[in-house]
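Peer 1: Sharing a structure, written as structure tokens. Questions coming.
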DNA sequence: ATAGATCCGTGACAGATGTCACGGATCCGA
DNA sequence: TCGGATCCGTGACATCTGTCACGGATCTAT
């Protein structure tokens, strides 16, 4: 390991600095994490983004080694960003979230994220997780992982989840239909199936339940 | 000022270090802010608390110069802690919040907080605000203050707010009517008035808007 | 290949929701 | 005292939403 030539060693040390992209819509925590990470000798924060679109754009331009993504962001959320970046630049992503639930973890893992860390953890752990992930390992918060084993799977189909997501802010049937390029009747049918599966009476209740379970 | 004896100067310099108590239920942001503040030469973080009760207990024991309190905490929230500490130890408090709305600011000022800072601000501003407040000044985020002046009063009547509150989780018209001992038609009429006044199309949008504005 | 299962999309129907016009109660200023 | 204004409650009507039955597409195991 330490037997390389000095030029090799220098080059390796330089190339070993981990280039990190940071995305969180809350400026205070974003800037605080950035400042802390910059104190680490082996980490470069190369981008700070305030939402998912910015994160995707910056990542596809800068090709960071690791993306640290907040889950709760306006527009594209952290998992959606991770899914997209996995396809386009094979980025390794760590998702951070306030509400760490099994469903969220499952969704994150399905999207191919390499790390999953709730905000109830100490900020010092962030750098450690970034290092692990940069080294090719996966890291999942052990507590959440344990919860996730007590399987609470989402009974909704992909299309039903689409409908729920698009209509999560109380959008009209007509609006959802336009957004998804469907007939209004189709949307109503999906909604009907959702209500039946979740055993609730209104769309809003369905949205609240799904959010609580981490399905959307 | 700078003409004191060297012993005076040293003593003053030592006593001038600002003793700060930190309270936030999210460990990641709490520890991140603590770490950043510790980097400042003139600030001592003397306590880190995860909820309002801990904050009150620690503050009454340690008598910090400034308390930095998150608004959203289980049990006692930041404003309640500030109100209590003002009475017991005349502490100077800064309240930090994710959802900075005029209504919240009004409540905070009424409780006698000395500083008000939304989490949409950069973490570096925190130290600056702490210094100002420790020096006896007040600090209110200018953007929120401006909003608060453009007094956005709730256009809904008491009864309409009742209906909105009872139905905020997507309850059925029939359920709301039963809860409020009204005819279903009356509830629908209130809902209709709410939608018209808030210029939205569905109950769920009305609820989201009202929550965003701090009306329910 | 084929039957079964699942998912998606759609239109017709029934029921829930939003809109409207109305009457009674209360409060306030002329 | 008397309008005028505002709020509350209600029922009839129109519109929107949820339910149901159906057909086509895809996948899998036999």
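The values are calculated or read from the model by the stated rules, or taken from the named source; none is laboratory data. Bear in mind that the values here come from a model prediction, so they are computed numbers and not experimental data. Cβ placement follows ideal geometry from the backbone for every residue including glycine, while neighbour counts extend to all protein chains displayed.
Peer 1: Take segment A:70-94 and flag every residue that is in contact with a strand residue (DSSP E or B) (Cβ under 6 Å, 6 or more places away or on another chain) and farther than 22 Å from residue A:162 by Cα.
Peer 2: Selection gives A:91, A:92, A:93, A:94.
Peer 1: Looking at (1) closer than 24 Å to residue B:90 by Cα; (2) under 15 Å from the mean Cα position of the chain (by Cα); (3) more than 14 Å from chain A (Cβ to nearest Cβ), which is the only condition residue B:136 fails?
Peer 2: (2)
Peer 1: Here's a follow-up. Take residue B:123 and tell me if it is farther than 23 Å from residue B:213 by Cα and without any contact (Cβ under 8 Å) to a residue 24 or more places away in the chain. Give the steps one after another, and end with the answer.
Peer 2: Numbers: farther than 23 Å from residue B:213 by Cα: yes; without any contact (Cβ under 8 Å) to a residue 24 or more places away in the chain: no.
Taking the combined requirement at face value, the residue does not satisfy it.
Peer 1: Among the helices (runs of 4 or more DSSP H) confined wholly to segment B:23-119, which include 3 or more residues that are within 14 Å of chain A (Cβ to nearest Cβ)?
Peer 2: So the answer is B:27-39.
Peer 1: Give me the pairs: first residue in segment A:195-213 and in contact (Cβ under 8 Å) with a residue 60 or more places away in the chain, second residue within 15 Å of DNA strand C (Cβ to nearest atom) and outside any helix (DSSP H, G or I), beta-carbon distance under 8 Å, and six or more apart or on different chains, which are they?
Peer 2: Matching pairs, first to second residue: A:213/A:154.
Peer 1: Count, please, the residues in segment B:30-47 that happen to be surrounded by 19 or more Cβ atoms within 10 Å (Cβ to Cβ) and either farther than 14 Å from residue A:121 by Cα or free of Cβ contacts under 8 Å to residues at least 60 places away in the same chain (or both). Talk me through it step by step, then tell me what you get.
Peer 2: If we filter segment B:30-47 for residues that are surrounded by 19 or more Cβ atoms within 10 Å (Cβ to Cβ), which is where we start, we get B:30-34, B:36-37, B:43, B:45, B:47.
Still in the running and either farther than 14 Å from residue A:121 by Cα or free of Cβ contacts under 8 Å to residues at least 60 places away in the same chain (or both): B:30-31, B:34, B:36-37, B:43, B:45, B:47.
So the count comes out to 8.
Peer 1: Please pick out the residue among A:115, A:75, A:52 that is at positive phi and in contact with a helix residue (DSSP H, G or I) (Cβ under 8 Å, 6 or more places away or on another chain).
Peer 2: Details: A:115 fails: at positive phi; A:52 fails: at positive phi.
None of the other options fit; the residue is A:75.
Peer 1: Please work out which residue is surrounded by the fewest Cβ atoms within 10 Å (Cβ to Cβ), limiting yourself to segment A:162-191 and to residues that are more than 11 Å from DNA strand D (Cβ to nearest atom) and more than 12 Å from residue A:203 (Cα to Cα).
Peer 2: Here the answer is A:181.
Peer 1: Hey, which of the helices (runs of 4 or more DSSP H) in segment B:122-216, taking only ones fully inside, have at least 2 residues that are within 30 Å of residue B:19 (Cα to Cα), modelled with pLDDT of 95 or more and more than 14 Å from DNA strand C (Cβ to nearest atom)?
Peer 2: Values: elements: B:124-134, B:142-149, B:158-166, B:173-180, B:184-198, B:203-213.
Those helices (runs of 4 or more DSSP H) span B:124-134.
Peer 1: Now for a different question. Pairs needed: first member in segment B:177-192, without any contact (Cβ under 8 Å) to a residue 12 or more places away in the chain and within 17 Å of residue B:155 (Cα to Cα); second member anywhere, more than 6 Å from DNA strand C (Cβ to nearest atom) and not in a helix (DSSP H, G or I); C-beta distance under 7 Å; at least 6 residues apart or different chains.
Peer 2: Going by the 7 Å Cβ cut-off, there are no qualifying pairs.
Peer 1: Among (1) within 23 Å of residue A:90 (Cβ to Cβ); (2) away from DNA strand C (no atom under 16 Å from the Cβ); (3) modelled with pLDDT under 95, which single condition is residue A:103 missing?
Peer 2: In the conditions (1) within 23 Å of residue A:90 (Cβ to Cβ); (2) away from DNA strand C (no atom under 16 Å from the Cβ); (3) modelled with pLDDT under 95, residue A:103 misses (1) alone.
Peer 1: Going residue by residue through segment B:92-102, is there one that turns out to be over 18 Å from residue B:134 (Cβ atoms), touching a residue at least 60 places away in the same chain (Cβ under 8 Å) and in contact with a helix residue (DSSP H, G or I) (Cβ under 6 Å, 6 or more places away or on another chain)?
Peer 2: Yes, segment B:92-102 contains a residue that is over 18 Å from residue B:134 (Cβ atoms), touching a residue at least 60 places away in the same chain (Cβ under 8 Å) and in contact with a helix residue (DSSP H, G or I) (Cβ under 6 Å, 6 or more places away or on another chain).
Peer 1: Next up: Which of the residues that make up segment B:108-119 are closer than 25 Å to residue A:26 by Cα and surrounded by fewer than 18 Cβ atoms within 10 Å (Cβ to Cβ)?
Peer 2: B:109
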